[in-house]
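Undergrad: Dropping the structure in here first, questions after.
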Amino acid sequence: MTESFAHLLVDVDGPVAVVTVHRPAALNALHAATIAELQMAFEALGANPSIRAIVLTGSGPKAFVAGADIKEMSVLDPLGMDAYARAGQRLCATIETLGTPVIAAVNGFALGGGNELAMACTLRIAADTARFGQPEIKLGLMPGFGGTQRLARLVGQGRALHMLLTGEPIDAQEAWRIGLVNRVVPAAEVLAAARATAAAIAALAPVAARLIIEAVVRGGGMPLADAVRLESALFGLVASTDDMREGTRAFVEKRPAEFKGH
Ligand code: CO8
């Protein structure tokens, strides 16, 4: 990737890219410029067929992302707030539907817009020191980057409403118990664990990965009969790939498959 960013670090290592939100002095809070850079970075990485998985994390030991930037937000008028929320929602939708799996390595606070950003990722791996919450109500606000919807879908309406209405954060173990994160690992290992998961997925068939994400994410918003019809149509599509022929042939020939991405 050739672009250089003021508030992000992007490191590409083979098929895995690591995107780090880099505003440690503000606990990686998302101001408008950071949101715009994340949008640009994810669009570019998603369009690059040699990138097969992406890790998203935050700079420093303390925070993944501590939310939308409260200082910047506090002086916006209602139209400005709407534009801010829409930019964040667009970014979350881009990540959720990118097709390339995105793994959040949650290395610390994931609050407000930070938790919403993590929830838009395909998978979440948490440091045992991470804390998750939607504290907007304590600011007289409500989530604006999709949190009311994705949190309820991930953990159920009752648990989501409890987090949203109290604003109280939960620790990593509790986040795992309620299904908000996939795994909890010692803090020092969170980036390595996310990279390892990314590398494992990157070695598999990327068209299948893309279509699985589409079936789950798009199908999740549909009535079951329509969603399973979407699944069968995507199943037909994946069956047209060379990787499907390679994967099944390798199984029969008792050898590892070599997926090419088409
Ligand atoms: N925005 C801006 N700056 C922040 C943010 C933030 N979200 N979080 C931390 N910072 C800054 C602090 O102001 C401080 O800067 P400075 O040294 O210049 O004062 C620096 O980061 C370090 O923070 P603290 O000194 O507060 O560190 P502590 O260890 O004492 O506390 C906490 C850490 C608990 C994470 C604390 O910083 C905190 O509560 N932060 C705010 C968390 C929060 O409320 N996040 C939700 C924000 S609202 C939101 O995300 C809504 C999303 C949708 C909005 C739609 C918009 C229209």
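The values are calculated or read from the model by the stated rules, or taken from the named source; none is laboratory data. Here the structure is a predicted model, which is why all the values come from computation and not from measurement. Note that each Cβ is placed from the backbone with ideal geometry, even for glycine, and that neighbours are counted across all protein chains shown. Only protein heavy atoms, including side chains, enter the accessible area calculation; ligands, DNA and RNA are left aside. Shrake-Rupley method; radii C 1.70, N 1.55, O 1.52, S 1.80 Å.
Undergrad: Can you give the charge dipole size of the stretch 8-202 about its Cα centre, rounded to the nearest 20 debye, using +1 on the beta carbon of Lys and Arg and -1 on the beta carbon of Asp and Glu?
TA: 340 debye
Undergrad: Once you list every other residue whose beta carbon is under 14 Å from the beta carbon of VAL21, what net charge do they have if Lys and Arg are +1 and Asp and Glu are -1?
TA: Residues close to VAL21 contribute a combined charge of -2.
Undergrad: Here's another thing I want to ask about it. What residues qualify as long-range amide H neighbours of ALA68, i.e. H under 5 Å apart, gap of 5 or more or another chain, H built at 1.01 Å from N?
TA: When sequence neighbours closer than 5 places are left aside, the close amide H contacts are LEU30, GLY113, GLY114.
Undergrad: Could you tell me which of rounded, prolate or oblate describes the stretch 79-184, using a ≥ b ≥ c as the square roots of the eigenvalues of the alpha-carbon gyration tensor, with rounded for a/c under 1.5 and, failing that, prolate when a/b is larger than b/c and oblate otherwise?
TA: Since a/c reaches 1.5 but b/c is at least a/b, the shape of the stretch 79-184 is classed as oblate.
Undergrad: Report, in deg cm²/dmol and to the nearest 500, the calculated mean residue ellipticity at 222 nm for the chain, where each DSSP H run with n ≥ 4 adds -39500 (n - 2.57) and the sum is divided by the residue count.
TA: Rounded to the nearest 500, it is -14500 deg cm²/dmol.
Undergrad: Grab every C-alpha pair in the chain, bin the distances at 5 angstrom width from 0 up to the longest one, and report whole percents.
TA: 1, 6, 13, 17, 18, 17, 12, 8, 5, 2, 1, 0, 0
Undergrad: When DSSP beta bridges are limited to those with both residues in the chain, what percentage is antiparallel, rounded to the nearest 5?
TA: If I count the DSSP bridges inside the chain, around 25 percent turn out antiparallel.
Undergrad: In whole angstrom, note down how far apart the Cα centers of the stretch 197-262 and the stretch 38-63 are.
TA: Here the answer is 22 Å between Cα centres.
Undergrad: Suppose R0 equals 41 Å; then what is the FRET efficiency for SER50 and ARG153 from their Cβ-Cβ distance, rounded to the nearest 0.05?
TA: About 0.85, to the nearest 0.05.
Undergrad: Further question: For the stretch 196-212, in order, what is each residue's ³J(HN,Hα) by Karplus, 6.51 cos²θ - 1.76 cosθ + 1.60 with θ = phi - 60°, in whole Hz (x at glycine and Pro)?
TA: 5, 5, 4, 5, 5, 5, 4, 7, 8, 7, x, 5, 4, 4, 4, 6, 4
Undergrad: To continue, here is another question. If each residue of separation counts as 0.36 nm, what is the full-extension length gain between ASP13 and ASN182 once their alpha-carbon separation is subtracted?
TA: Value of the extension gain: 58.5 nm.
Undergrad: Also, quick follow-up: Can you pull the percent of Cα pairs in the stretch 1-139 with separation above 26 Å?
TA: 16 percent
Undergrad: Springs between alpha-carbon atoms under 10 Å, Gaussian network over the chain: tell me which of ALA93, ALA239, ALA126 tops the mean-square fluctuations.
TA: ALA239
Undergrad: Give the Cα extents of the stretch 1-55 along the principal axes, in whole Å, largest first.
TA: For the stretch 1-55, the Cα extents along the three principal axes come out at 32, 17, 16 Å.
Undergrad: Where the only charges are on Cβ atoms (+1 Lys, Arg; -1 Asp, Glu), what is the dipole of the stretch 206-252 about its Cα centre, to the nearest 20 debye?
TA: My answer is approximately 20 debye.
Undergrad: Considering only DSSP beta bridges whose two residues both sit in the stretch 1-85, what percent are antiparallel, to the nearest 5?
TA: Among the beta bridges of the stretch 1-85, antiparallel pairing accounts for roughly 45 percent.
Undergrad: Got a number for carbon plus sulfur as a percent of the chain's accessible area, 1.4 Å probe?
TA: Roughly 62 percent of what the probe reaches on the chain is carbon or sulfur.
Undergrad: Another question, if that's okay. Grab the alpha carbons of the stretch 206-252, take their convex hull, and tell me the volume per residue in Å³.
TA: Cα convex hull per residue, to the nearest whole number: 66 Å³.
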